[in-house]
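The values are calculated or read from the model by the stated rules, or taken from the named source; none is laboratory data. Just so it is clear, the model here is predicted, and its values are computed rather than measured. Neighbour counts run over all protein chains shown; Cβ positions are idealised from the backbone, glycine included. The protein model used for the area step is the full one, side chains on, heavy atoms only, and it has no ligands, DNA or RNA in it. Shrake-Rupley method; radii C 1.70, N 1.55, O 1.52, S 1.80 Å.
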Amino acid sequence: MTGTKAAPHPRFVILDGLRGLAALVVAALHAQEYLGVEIVHHGYLMVDLFFAMSGFVLAAAYGDTLARGGMGRWFVRVRLLRLYPMALLGLALGLLFNLLVTRYAPGYRGPSSLWIPLADGLLFLPFLAGGPISPLNIPGWSLIFEIWINAAYGYFAPKLNSRLLTIVTALALLGLAAVVLTNGDLDVGARQRNILGGAARVLFSFPLGILIHHAWAAGALDRFRAPPGAAWLLASLLLAVALAGGSGLFELIVVVALFPAVIVTAVTTPAPRAAVPLFALAGRLSYPLYAIHGPLLLLCELAVAAVGPPTPLPLGQRAAVIAASIALAVGLAWACDRWIDAPLRAWFAAYGRRGFHPLAAAARMRGR
């Protein structure tokens, strides 16, 4: 069992808002490559925050159910229903880009074959023929790690007490330290040559999120209480981390100490009432935005290259293209949430009411 809090599916509104902001930071990180300038220095650390938030939220929503045992297959279906539609759309956009790019930008070097990466992406498997492990949607590398760590959590949750989780995070911390020493930073996981570094990132942050939930559910965090205005301070802090320069040691401190403190503060602080709708919307848009922004930005850049002058655009015009591209990505994420994600969530809720609630399923699987 994960704790004593009464609400089975609590909502953490400040976490929602921070997750949306983090997704926007990652989109800006990838967009800046088109500008030819580096502004968002540590945006890739938001992935570590995503992993930790995921561990916390999934433990809050499903921890007690999974701790009963026998629910691994059910939980994998739950996560696939949640992750697959947007991941599939991201793959489709990436496939479209790679089909068009050879015509409009023949100098671009993508995967030599599209069908094996597509098949791997459809199965949430890494592409191991060299280069990015998710070549059709490069930011999608973290979704591969996400679904597999979710599956491991679903099957092994009954054995994951706080002691074992602490051991896993401690060993993964040694892996993160090794990554910093050998690579110089934590920008690893997206490519085959540093896939083990990506494994260290998820194996540290995801269990850490579960550990934070254990402490929250047991009431051990109740003494941590900040004023509602702290939500804006947390958002500013994430932006400062993304924009700041710093060494690999700085990144290690952020992931190991700062991000856990951010999550603890976010889940123990009341959200400003006026900001709740904005934070909730940001949370809903975070996953669609993350899943589709990479290939969508490339398609926008390709469209500008196809219709624009042969010489590179001035910096100001490139910035305008990027701003419009990110706005388009946010708009498409909103459309995806409204017409794909929200209907699927409603369908899944009805699916549960028809007698497939996890607790009822667990009882049947135990022969009761």
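If you stretched the chain out fully between GLN317 and ASP222, how much longer would it get, using 0.36 nm times the residue separation minus the C-alpha to C-alpha distance?
Taking GLN317 through ASP222 to full extension adds about 29.2 nm, to one decimal.
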Checklist entry - Pick from ALA52, ALA28, ALA220: which residue has the top mean-square fluctuation in a GNM of the chain where Cα pairs under 10 Å get a spring? => result ALA220
Checklist entry - Using the membrane-span-like helix rule (whole DSSP H runs, Cα extent along the own axis of at least 18 Å, mean Kyte-Doolittle hydropathy at least -1.0), which helices of the chain qualify? => result 13-35, 46-67, 72-104, 141-156, 162-183, 195-217, 230-243, 276-307, 315-336
Checklist entry - Based solely on its DSSP helices, what 222 nm [θ] is calculated for the chain when runs of n ≥ 4 H residues each add -39,500 (n - 2.57) and the sum is averaged over all residues, nearest 500 deg cm²/dmol? => result -23000 deg cm²/dmol
Checklist entry - Taking springs between alpha-carbon atoms closer than 10 angstrom, which of GLY94, GLY184, GLY175 fluctuates most in the Gaussian network model of the chain? => result GLY184
Checklist entry - According to the square roots a ≥ b ≥ c of the eigenvalues of the Cα gyration tensor, what is the shape class of the stretch 73-214, taking rounded for a/c under 1.5, prolate for a/b larger than b/c otherwise, and oblate for the remainder? => result oblate
Checklist entry - Roughly speaking, what is the stretch gain from TRP148 to LEU80, that is 0.36 nm per residue apart minus the C-alpha to C-alpha distance, in nm to one decimal? => result 23.4 nm
Item to check | Percent accessible area from carbon and sulfur atoms, the chain, protein chains only, probe 1.4 Å | outcome: 68
Checklist entry - Ignoring ligands, DNA and RNA, what accessible area per residue does the chain give at 1.4 Å, in Å²? => result 47
Checklist entry - Which of LEU196, ALA61, LEU122 sits closest to the plus end of the dipole of the chain, meaning its Cα is farthest towards the positive end, when Lys and Arg get +1 and Asp and Glu get -1 on the C-beta? => result ALA61
Item to check | Gyration tensor verdict on the stretch 204-360 (Cα atoms; rounded if a/c is under 1.5, prolate if a/b is larger than b/c, oblate otherwise) | outcome: oblate
Checklist outcome for this item: FRET efficiency for ALA92 and TRP334 from the Cβ-Cβ distance with R0 = 22 Å, rounded to 0.05, comes out at 0.75
Item to check | Under 14 Å from the ALA129 label point (7 Å along Cα→beta-carbon), backbone N, the stretch 82-111 | outcome: 110-111
Next on the checklist: Cut-off 15 Å, label point 7 angstrom out along Cα-to-Cβ of ALA215: give me the residues of the stretch 168-203 whose amide nitrogen falls inside.
Outcome noted: 169-170
